[in-house]
1. Quick one: length gained pulling Gln18 to Lys3 fully straight, 0.36 nm per residue minus the C-alpha distance?
2. Taking region 1-51, which GluC sites (Glu not before Pro) meet the DSSP loop condition and have no more than 15 other C-beta atoms within 10 Å?
3. Any chance you could run the full-extension gain for Asn35 through Ser58? It's 0.36 nm times the residue separation minus the Cα-Cα distance, nm to one decimal.
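Only the coordinates and a few stated rules stand behind these numbers; no lab work does. These numbers were taken from a predicted model, which means no experiment stands behind them. Neighbour counts run over all protein chains shown; Cβ positions are idealised from the backbone, glycine included.
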Amino acid sequence: MVKLETGENISYKCLKEQFDICEDDLCTEIKLLQNMPDIPNGTSLQTIHEWLDWLQDSNKIEIFSNFSKATQLFVTIPVTSCSCERSCSKMTILKNKLRTTMTQKDWIH
């Protein structure tokens, strides 16, 4: 999406189904953005933040509401759940270690 690509082989149907973003309106907004001067270039997470800043600074959030909502979702939703899984894994290690090192005396206090 940040590459500003549209066409028959590009579908934003998942955004429509999951987040109530109008696919046709989003494609129209992307076509308009293709002709805008001084737009951010690239496909990294930094570029998505640049897009959000550009929309905010140029007061175009309401004009490109679907594009703005989609970019905000990309920044908010994690791509993977690895960090959550790592946290739970560390929590399990700590809990097991605490359980095995506690004595009956520790439970009383």
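1. 3.3 nm
2. Hits after loop and neighbour filter: Glu5, Glu8.
3. This chain segment gains 6.8 nm when fully extended.
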